[in-house]
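Reviewing the structure listed below.
Rule-based calculations on the coordinates, nothing more; no lab input. Note that the structure is predicted; figures quoted are calculated from it, not measured. Positions of Cβ are backbone-derived with ideal geometry, glycine not excepted, and every protein chain shown enters the neighbour counts.
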Amino acid sequence: MTKIRIQCSNCGKVEITSPIPGVPDGMYFSGCRAVGDAFYCEDCVKTWAERNGDEFDRQYKDPKGMFVKWWNRTVDTQCKGKKIKAYRVVNGVYVEG
Ligand SMILES: [Zn+2]
């Protein structure tokens with residue numbers, strides 16, 4: 001089964017996960033965030049304000065949309081040629097599409 005490798009841009013922690021429905025939702029709700037191609041684990045998002053002056057979700061207008069874009073790009077890059085569904089956000093929830 002296809003796996004994707006995710007590394008926190010702050011602490012370097014590596015997670016291996018599956019590009020399947022529910023995974024990005026779970027990661028987002030557990031507190032993970034992303035900016036562009038940079039991923040931040042839940043622990044580093046908790047301490048975000050100490051490093052960056054304000055809470056992540058207050059610094060960025062669309063943290064969920066940013067996370068979805070990051071997820072889709074990561075899956076695209078790591079699962080080239082495989083049919084993996086992309087995600088988008090509709091009314092604040094992830095949908096496959
Ligand atoms: Zn981290």
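Report, by residue number, each residue of the stretch 48-80 that is in a loop (DSSP other than H, G, I, E, B) and either touching a Phe, Trp or Tyr at 6+ places or on another chain (Cβ under 6 Å) or surrounded by 12 or more Cβ atoms within 10 Å (Cβ to Cβ) (or both). Selection gives 55, 60, 79. Any residue at all in the stretch 48-68 that is closer than 24 Å to residue 90 by Cα, touching a helix residue (DSSP H, G or I) at 6+ places or on another chain (Cβ under 6 Å) and among the hydrophobic types (A, V, I, L, M, F, W, C)? Checking the stretch 48-68: at least one residue is closer than 24 Å to residue 90 by Cα, touching a helix residue (DSSP H, G or I) at 6+ places or on another chain (Cβ under 6 Å) and among the hydrophobic types (A, V, I, L, M, F, W, C). Give the stretch 8-50 a look and list any residue that's charged (D, E, K, R), farther than 12 Å from residue 68 by Cα and within 11 Å of the ligand (Cβ to nearest atom), or say none. Once the filter is applied, which keeps residues that are charged (D, E, K, R), farther than 12 Å from residue 68 by Cα and within 11 Å of the ligand (Cβ to nearest atom), the stretch 8-50 yields 13, 15, 42, 43, 46. Residue 83 fulfils the conditions (1) away from the ligand (no atom under 16 Å from the Cβ); (2) in a helix (DSSP H, G or I); (3) free of Cβ contacts under 8 Å to residues at least 60 places away in the same chain; (4) not β-branched (Val, Ile, Thr) except for a single criterion, (2). The set of residues in the stretch 1-47 being in a helix (DSSP H, G or I), touching a helix residue (DSSP H, G or I) at 6+ places or on another chain (Cβ under 6 Å) and either free of Cβ contacts under 8 Å to residues at least 12 places away in the same chain or surrounded by 12 or more Cβ atoms within 10 Å (Cβ to Cβ) (or both) consists of 24, 28, 42, 45.
For the stretch 1-39, what are the residues that are closer than 17 Å to residue 77 by Cα and either of a type in the set (Phe, Trp, Tyr) or in contact with a Leu (Cβ under 6 Å, 6 or more places away or on another chain) (or both)? Listed by number, the list holds a single entry, 39.
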